[in-house]
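Trainee: I'd like to ask you about the structure that follows.
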């Protein structure tokens, strides 16, 4: 594509180019997802094109298991693993601030460290703030949580880390959009991309699902990801509702179990637990062929962190009337704040770039 | 370890679509079935692994097939490509049965899709497998496993022990160990002999060393040769094969479909002596691609070179290996190891012979040469827009036509004219009964599915009685 600025190919990009040139002469996989029709629009694969195609790939693995050129064939075509590697390279290139892109190379270690250090620091902070009599005794009634962590501090830490995550990922998105040379989208492509994101249409494998584990077609990955994503959004809605209750209506937490924020958080937490547990199980079970082993650490760590956030959130709900609430609140908050801080340098950014790739694809289909 | 003391109802030799159609049908009818597949699990499926569709009769549009495709039209298509070298009874039976083939495969877990981009000419006649032939093969093996069929990979059948037209057991090499499989019936679905270079050399001499084998390297023809040596009638011309114009840089076997080049109609093609040898624009490519393999096989060193310029690049599907490029015809010739002066003259003569016309890539246009031998009847544009491009070509062999003779119940025919008591055949090993020469896209998979099902049904019926 001429509109793409010319960037030299990295090794991963050259490998992706070699494989795309084989795929473009074969085209058997056209029915699986958006990648292959997008590929067929091209003859030459500039680095930016390959980054785009890699981000368009949802990792359903259908093309690997049906590939006549997959290893051990001499051509060694393995699009899911090759594109996953290329995607990770792009995450690092477009990270903001630029220097922190290097964190992607050690994603498993970084996410794990943050997941351990953040709750430990939060616990230490809580302990430093209070005498043990407050921290370890049951706190009930209005404002119970804020007797452990003051409201202003909670807002500064959680709001600040979340704001930073949004800023960093937004900057990354802007860099990516510029690097792939895109113009402002109209409403139709935006609607199509939103539909694709919300339905995960490209994990449908042309209507029959993904090769989650082996060459069988199942909807496991699609539904588990939906459970996790939906759960995450419900939890986010729970927090937002809680903030509105507090600031607009002056209704302070803890809220009743049947109240809107608690219900949103409860079902969101359940969804996240089911989704992350299932996705971890798929990762353990899946055929290692179409997987990029170097990226597994970061993916496991992020799934585990999300699982811990959901688990501590639900536990907090379960034991909030007891003396363990203080410790659990500190743990949960620590994990959430750590998650926000590490989010722009983790697997979580895939959502941003995947969304932009789907948007660009929707534009190209109309061009 | 498999139980080699057991007597199986049905032994299926081979592991492609024809073998699996037979095995699944026999198992569904209650027979105990064992499959001996020569390839390891990663390379299983014979040539089916490289296929992408099958040709199916249909009276009305289906989920994936447009309009209708009736028996007479199907038969006419077959008659045209085979030049009459077919068996009308078997052919019409196959054509009629093909209407049920997609449904059978769907029941085996195969997913169909509308025709791929660049294959619109087949959207009415051919049902495409989602993901191609390997996805089909995966689905069928999964179905076979569910039915309890014993599948042996890395297992070459060396010999079928035949006494008075009756097969009793097979001598095999199971992961390198000599073993025997005892059985009440045998279905031979082990393909042609195209990957057996020694055998090809008998007819083609040293030229055989330059043939690329497009599909599985396991098509050694061991079972075919063994059956023909034991009084089973042969069918088809042993010297003939289906071949296309492949990229000369493709691997010598297993390069699959992506190695074929569609650039011929938009190029001029010369051999190593820098001579054109055939009308590149004789007809639309879907009707001509299958003759070019043979044409190239008859050239010196089995090599040819498609020469075009920058205008032609987007008229054909992209190639895996990029074309060689040069600023002048002379430089291009040097890069190809051809005589530059001669190639310049051939191109100049061709350019001088082109007549004005309106170029239309997809259909027979009016761009033809005048006074050139051989002519180029369509798409004859001047080659004068640098950079100039060249694709080196070699013959890519798909399958051989030699096979065992069968009747309409898929039983192989003995030299005394009687059908064998318990030996059946399906797939490429018997396709020569219907395809004496030429090819119809997707018809190999049709023959495999139809005869596989008949063979499986008949073998199961035989052992039940």
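The values are calculated or read from the model by the stated rules, or taken from the named source; none is laboratory data. Everything quoted here is computed from the prediction, not taken from an experiment. Virtual Cβ from ideal backbone geometry, glycine too; neighbours counted across all protein chains shown.
Matching residues to (1) farther than 30 Å from residue B:32 by Cβ; (2) not in a loop (DSSP other than H, G, I, E, B):
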position	(1), (2)
B:181	no, yes
B:191	no, no
B:203	yes, yes
B:246	yes, yes
B:255	yes, no
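Trainee: Taking region B:276-302 as the region of interest, how many residues are at positive phi and surrounded by fewer than 19 Cβ atoms within 10 Å (Cβ to Cβ)? Before the answer, list the steps.
Mentor: Of region B:276-302, the ones at positive phi are B:301-302.
Checking which are surrounded by fewer than 19 Cβ atoms within 10 Å (Cβ to Cβ) leaves us with B:301.
Residues flagged as at positive phi and surrounded by fewer than 19 Cβ atoms within 10 Å (Cβ to Cβ) within region B:276-302 amount to 1.
Trainee: Going through region A:240-272 one residue at a time, which ones are more than 25 Å from residue A:229 (Cα to Cα) and outside any loop (DSSP other than H, G, I, E, B)?
Mentor: Matches in region A:240-272: A:246, A:247, A:248, A:249.
Trainee: If residue B:273 satisfies all but one of (1) surrounded by 20 or more Cβ atoms within 10 Å (Cβ to Cβ); (2) away from every other protein chain (no Cβ under 14 Å); (3) more than 23 Å from the chain's Cα centre (by Cα), what's the number of the condition it fails?
Mentor: (1)
Trainee: Could you identify the single residue in B:224, B:295, B:313 that is at pLDDT below 95 and not in a strand (DSSP E or B)?
Mentor: Step by step, each of B:224, B:295, B:313 is checked, and only B:313 is at pLDDT below 95 and not in a strand (DSSP E or B).
Trainee: Here's another thing I want to ask about it. Output yes when any residue across region B:101-113 is assigned by TED's automatic domain parsing to the domain that holds residue B:153, part of a loop (DSSP other than H, G, I, E, B) and closer than 18 Å to residue B:188 by Cβ, and no when none is.
Mentor: At the first step, the residues of region B:101-113 found to be assigned by TED's automatic domain parsing to the domain that holds residue B:153 are B:101-113.
In the following step, the residues that additionally are part of a loop (DSSP other than H, G, I, E, B) were identified as B:108-111.
Keeping just the survivors that are closer than 18 Å to residue B:188 by Cβ gives none.
No - not one qualifying residue is present in region B:101-113.
Trainee: Name the single residue that is farthest from the chain's Cα centre (by Cα) among those in region B:322-363 being within 14 Å of chain A (Cβ to nearest Cβ) and surrounded by fewer than 17 Cβ atoms within 10 Å (Cβ to Cβ).
Mentor: Of the residues in region B:322-363, the ones within 14 Å of chain A (Cβ to nearest Cβ) are B:322-323, B:325.
If we keep only those that are surrounded by fewer than 17 Cβ atoms within 10 Å (Cβ to Cβ) too, we end up with B:322, B:325.
Numbers: B:322: 25, B:325: 31 Å.
Among those that are within 14 Å of chain A (Cβ to nearest Cβ) and surrounded by fewer than 17 Cβ atoms within 10 Å (Cβ to Cβ), it is B:325.
Trainee: Checking residue A:115 against (1) free of Cβ contacts under 8 Å to residues at least 24 places away in the same chain; (2) within 30 Å of residue A:341 (Cα to Cα): exactly one of these is not met. Which one?
Mentor: For residue A:115, the failing item is (1).
Trainee: Looking only at residues that are more than 15 Å from residue B:387 (Cβ to Cβ) and in contact (Cβ under 8 Å) with a residue 24 or more places away in the chain in region B:310-321, which one is surrounded by the most Cβ atoms within 10 Å (Cβ to Cβ)? Explain how you work it out, then say what you get.
Mentor: Initially, region B:310-321 is screened for residues more than 15 Å from residue B:387 (Cβ to Cβ), giving B:315-321.
Among the residues that remain, those that are also in contact (Cβ under 8 Å) with a residue 24 or more places away in the chain are: B:315-317, B:319-321.
Working: B:315: 17, B:316: 20, B:317: 19, B:319: 20, B:320: 22, B:321: 17.
Per the stated criteria, the residue is B:320.
Trainee: Can you confirm whether region B:157-165 contains a residue that is out of contact with any helix residue (DSSP H, G or I) (no Cβ under 8 Å at 6 or more places or on another chain), part of a helix (DSSP H, G or I) and assigned by TED's automatic domain parsing to the domain that holds residue B:48? Can you show your working first?
Mentor: Step one: of region B:157-165, the residues out of contact with any helix residue (DSSP H, G or I) (no Cβ under 8 Å at 6 or more places or on another chain) are B:161, B:163-165.
Applying the additional criterion that residues be part of a helix (DSSP H, G or I) yields none.
For region B:157-165, residues out of contact with any helix residue (DSSP H, G or I) (no Cβ under 8 Å at 6 or more places or on another chain), part of a helix (DSSP H, G or I) and assigned by TED's automatic domain parsing to the domain that holds residue B:48: absent.
Trainee: Assess whether residue B:240 counts as being more than 27 Å from residue A:69 (Cα to Cα) and either over 15 Å from the mean Cα position of the chain (by Cα) or buried (at least 21 other Cβ atoms within 10 Å of the Cβ) (or both). Don't jump to the end; show me each part of the working.
Mentor: Details: more than 27 Å from residue A:69 (Cα to Cα): yes; either over 15 Å from the mean Cα position of the chain (by Cα) or buried (at least 21 other Cβ atoms within 10 Å of the Cβ) (or both): no.
In short, no.
Trainee: Moving to a separate point now. Return the residues of region A:19-33 that are touching a residue at least 24 places away in the same chain (Cβ under 8 Å), farther than 12 Å from residue A:50 by Cβ and within 7 Å of chain B (Cβ to nearest Cβ); say none if nothing qualifies.
Mentor: A:22, A:26, A:28, A:29, A:31, A:32
Trainee: Those residues that are away from every other protein chain (no Cβ under 14 Å) and in contact with a strand residue (DSSP E or B) (Cβ under 7 Å, 6 or more places away or on another chain), I need them from region B:77-119; list them, please.
Mentor: Those that are away from every other protein chain (no Cβ under 14 Å) and in contact with a strand residue (DSSP E or B) (Cβ under 7 Å, 6 or more places away or on another chain): B:98, B:99, B:101, B:102.
Trainee: Return the total of residues in region A:73-86 being closer than 16 Å to residue B:252 by Cβ and either surrounded by fewer than 17 Cβ atoms within 10 Å (Cβ to Cβ) or not assigned by TED's automatic domain parsing to the domain that holds residue A:36 (or both). Let's see the steps before the verdict.
Mentor: Start the filter on region A:73-86 by keeping residues that are closer than 16 Å to residue B:252 by Cβ, which leaves A:73-75.
Going one step further and asking which of them are either surrounded by fewer than 17 Cβ atoms within 10 Å (Cβ to Cβ) or not assigned by TED's automatic domain parsing to the domain that holds residue A:36 (or both), we end up with A:74.
Number of matching residues: 1.
Trainee: I need the full set of residues from region B:1-58 which are touching a helix residue (DSSP H, G or I) at 6+ places or on another chain (Cβ under 8 Å), within 14 Å of chain A (Cβ to nearest Cβ) and part of a loop (DSSP other than H, G, I, E, B), in order please.
Mentor: Within region B:1-58, B:16, B:39, B:44, B:45, B:51, B:52 meet the criteria.
Trainee: Would you check if residue B:403 is closer than 22 Å to residue B:54 by Cα and either assigned by TED's automatic domain parsing to the domain that holds residue B:26 or under 15 Å from the mean Cα position of the chain (by Cα) (or both)?
Mentor: Details: closer than 22 Å to residue B:54 by Cα: yes; either assigned by TED's automatic domain parsing to the domain that holds residue B:26 or under 15 Å from the mean Cα position of the chain (by Cα) (or both): yes.
Spelling it out, residue B:403 is indeed closer than 22 Å to residue B:54 by Cα and either assigned by TED's automatic domain parsing to the domain that holds residue B:26 or under 15 Å from the mean Cα position of the chain (by Cα) (or both).
Trainee: Among the residues of region B:120-151 satisfying the criterion of being modelled with pLDDT under 95 and in a helix (DSSP H, G or I), which is farthest from the other protein chains (Cβ to nearest Cβ)?
Mentor: Across region B:120-151, the extreme among qualifying residues is B:121.
Trainee: Considering each of B:67, B:63 in turn, give the residue that is part of a loop (DSSP other than H, G, I, E, B), in contact with a strand residue (DSSP E or B) (Cβ under 9 Å, 6 or more places away or on another chain) and within 14 Å of chain A (Cβ to nearest Cβ).
Mentor: Details: B:67 fails: within 14 Å of chain A (Cβ to nearest Cβ).
Only one candidate passes the filter, namely B:63.
Trainee: On the given criteria, is residue B:312 out of contact with any strand residue (DSSP E or B) (no Cβ under 6 Å at 6 or more places or on another chain) and assigned by TED's automatic domain parsing to the domain that holds residue B:435?
Mentor: Numbers: out of contact with any strand residue (DSSP E or B) (no Cβ under 6 Å at 6 or more places or on another chain): yes; assigned by TED's automatic domain parsing to the domain that holds residue B:435: no.
So residue B:312 fails the test.
Trainee: Report every pair of residues separated by at least 6 positions or lying on different chains whose Cβ atoms are under 9 Å apart, first residue within region A:209-221 and more than 9 Å from chain B (Cβ to nearest Cβ), second in a strand (DSSP E or B) and buried (at least 19 other Cβ atoms within 10 Å of the Cβ).
Mentor: As it stands, the answer is A:218/A:210; A:219/A:210; A:220/A:210; A:221/A:210, since those pairs meet every condition given.
Trainee: Here's something else I'd like to know. Report yes if residue A:204 is under 29 Å from residue A:291 (Cβ atoms), within 14 Å of chain B (Cβ to nearest Cβ) and surrounded by 15 or more Cβ atoms within 10 Å (Cβ to Cβ), otherwise no.
Mentor: Numbers: under 29 Å from residue A:291 (Cβ atoms): yes; within 14 Å of chain B (Cβ to nearest Cβ): yes; surrounded by 15 or more Cβ atoms within 10 Å (Cβ to Cβ): yes.
Spelling it out, residue A:204 is indeed under 29 Å from residue A:291 (Cβ atoms), within 14 Å of chain B (Cβ to nearest Cβ) and surrounded by 15 or more Cβ atoms within 10 Å (Cβ to Cβ).
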